[in-house]
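Step one of this worksheet: look at the structure below.
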Amino acid sequence: MASVGLVRSQPLPAPADDAKPVDDGLITIESDSQSADNVTGVVTASGNVRIVYPARGMVATSRQAQYFSREGRLVLSGDVDVIQDDGSTLQAERVTYNLDDERALAVPNQGGQVRSTMILRPDQPAQTPLTP
């Protein structure tokens, strides 16, 4: 199983004892194979892809993932499952996640549907499965 850590540079705030993990941009990708193109800035992972994004409390699996470093975009395709630490989930055929503005677009198989579950609590703002 291949593994690549992707880091986006940004200043790190001082850690607080009760704070969430610092968002240093670290994403760990595990898969059967990976390739990186230094000309285009695209990292492609194929086969049994597992992505861990600790600062967002997110673990995702898919058949393929492409990280477009210049755009700050992660595209997961093929049986995508996203699980948040709070129990929120998302299932789709394809998920495009923009790391910079924290927007996601989930698309189902043709004729299918996207499925998500969210934990709604009256004392907290609503969050989607990809909200930090």
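The values are calculated or read from the model by the stated rules, or taken from the named source; none is laboratory data. In this text, all values refer to a predicted model and were calculated from it rather than measured experimentally. No Cβ is skipped: glycine too gets one built from the backbone with ideal geometry, and neighbour counts run over all protein chains shown.
Below are the figures for this structure:
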item: Residues of segment 91-113 satisfying the condition of being crowded, with 16+ Cβ neighbours inside 10 Å, at pLDDT 95 or above and hydrophobic (A, V, I, L, M, F, W, C); result: 92, 95, 106
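Residues are listed down the side, and each one gets a yes or a no for (1) touching a Leu at 6+ places or on another chain (Cβ under 9 Å); (2) not in a strand (DSSP E or B):
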{"residue": "39", "(1), (2)": "no, yes"}
{"residue": "43", "(1), (2)": "yes, no"}
{"residue": "63", "(1), (2)": "yes, no"}
{"residue": "105", "(1), (2)": "no, no"}
